Amino acid sequence: LIRKMRGPRARRRRFEEAALSPSERWQHAAVGACFLLLAYSGFALHDPLAWWARPFQLLGGEAARRDAHRAAAALFLMTSAAHLAYLNTQRGRARLKALLPAWRDLKDPVMVLSYNAGASLERPRLAQFCYVEKFEYWALVWGSAVMTLTGALLLFHNLALAWLPLWMTETARVVHYLEAVLACLAILLWHGYWVFFDPEVYPMNWAWLTGETYPPDDDGKEP
């Protein structure tokens, strides 16, 4: 951040960049909405008397919080199913291929760190889906699987207790909570910087709204 703020403002450099389609933006919006409601209603269970959890008390207490959490989880699963169907399209398969790990994902972080530390004068040029986007995408896939499995064990706890030892449901409870904490920190610190606070895209990466990284009045040329 210091290196980028000291020098002249410049755009993030990419080898290629294809605009996000309306379908991709709607999928992102649905995931974002589900994530916010899941996090809010989930942490309200952990601290139900906090001032920020008070709306649930006004709407019906624990029953309202539980229904909101389960509704958000159901919507998230439907969005995941829609995304899997999208990956079966020609564009979806191309996007998935671009998100697969590659050898350059080991080299690019070193180049970025070298530039940010001042050891290199040339700003690195990244692919549209570089190691940052790939890490976020596959972390979402992994986190979704963990949260779905542990959430199912907690939702159907009577059935789980009938077939599984108690320590498995208790472990699922702990993992579910800690994975939620990790996911929120990743969104605030990693995704938040890369999409909003990085001087190379500030005030934000517009792709989630318009499909293009930079606003319409940007001429596409670096200063």
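The values are calculated or read from the model by the stated rules, or taken from the named source; none is laboratory data. In this text the structure is predicted, and so the values were computed from the model without any measurement. FYI the Cβ positions are ideal-geometry reconstructions off the backbone, even for glycines, and counts take in every protein chain you see. Keep in mind that these areas ignore ligands, DNA and RNA; they rest on the heavy atoms of the full protein, side chains included. Shrake-Rupley method; radii C 1.70, N 1.55, O 1.52, S 1.80 Å.
A few remarks follow.
- Check on residue 16, within 25 Å of residue 133 (Cβ to Cβ), touching a residue at least 60 places away in the same chain (Cβ under 8 Å) and surrounded by fewer than 17 Cβ atoms within 10 Å (Cβ to Cβ): yes
- Set side by side, the residues 133, 122 differ, and just one is of a type outside the set (A, V, I, L, M) and surrounded by fewer than 13 Cβ atoms within 10 Å (Cβ to Cβ), which is 122.
- Annotation: of all residues in region 1-13 being open to solvent by 40 Å² or more (accessible area, probe 1.4 Å) and of a type outside the set (D, E, K, R), the one that is farthest from the chain's Cα centre (by Cα) is 8.
- For region 111-135, filtering for residues that are of a type in the set (Lys, Arg) and in a helix (DSSP H, G or I) leaves 1.
- Test: residue in region 136-157 that is open to solvent by 60 Å² or more (accessible area, probe 1.4 Å) and assigned to a loop (DSSP other than H, G, I, E, B): yes
- Yes/no for residue 100 being surrounded by fewer than 15 Cβ atoms within 10 Å (Cβ to Cβ) and closer than 30 Å to residue 120 by Cβ: yes
- Every condition in (1) surrounded by 15 or more Cβ atoms within 10 Å (Cβ to Cβ); (2) over 22 Å from residue 9 (Cα atoms) holds for residue 214 except the one numbered (2).
- Across region 28-47, the qualifying residues are those that are open to solvent by less than 30 Å² (accessible area, probe 1.4 Å) and either farther than 16 Å from residue 144 by Cα or of a type in the set (S, T, N, Q) (or both), and the one among them that is nearest to the chain's Cα centre (by Cα) is 41.
Yes/no matrix, rows are residues, columns are (1) within 27 Å of residue 193 (Cβ to Cβ); (2) at pLDDT 95 or above:
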{"residue": "4", "(1), (2)": "yes, no"}
{"residue": "12", "(1), (2)": "yes, no"}
{"residue": "17", "(1), (2)": "yes, no"}
{"residue": "33", "(1), (2)": "yes, yes"}
{"residue": "55", "(1), (2)": "no, no"}
{"residue": "64", "(1), (2)": "no, no"}
{"residue": "76", "(1), (2)": "yes, yes"}
{"residue": "102", "(1), (2)": "yes, no"}
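- Residues in region 158-192 that are open to solvent by 60 Å² or more (accessible area, probe 1.4 Å) and either touching a residue at least 24 places away in the same chain (Cβ under 8 Å) or in contact with a Lys or Arg (Cβ under 9 Å, 6 or more places away or on another chain) (or both): 177, 182, 187, 190.
- Any hit, region 107-119, residues being touching a Lys or Arg at 6+ places or on another chain (Cβ under 7 Å), in contact (Cβ under 8 Å) with a residue 40 or more places away in the chain, small (Gly, Ala, Ser) and exposed (fewer than 12 other Cβ atoms within 10 Å of the Cβ): yes
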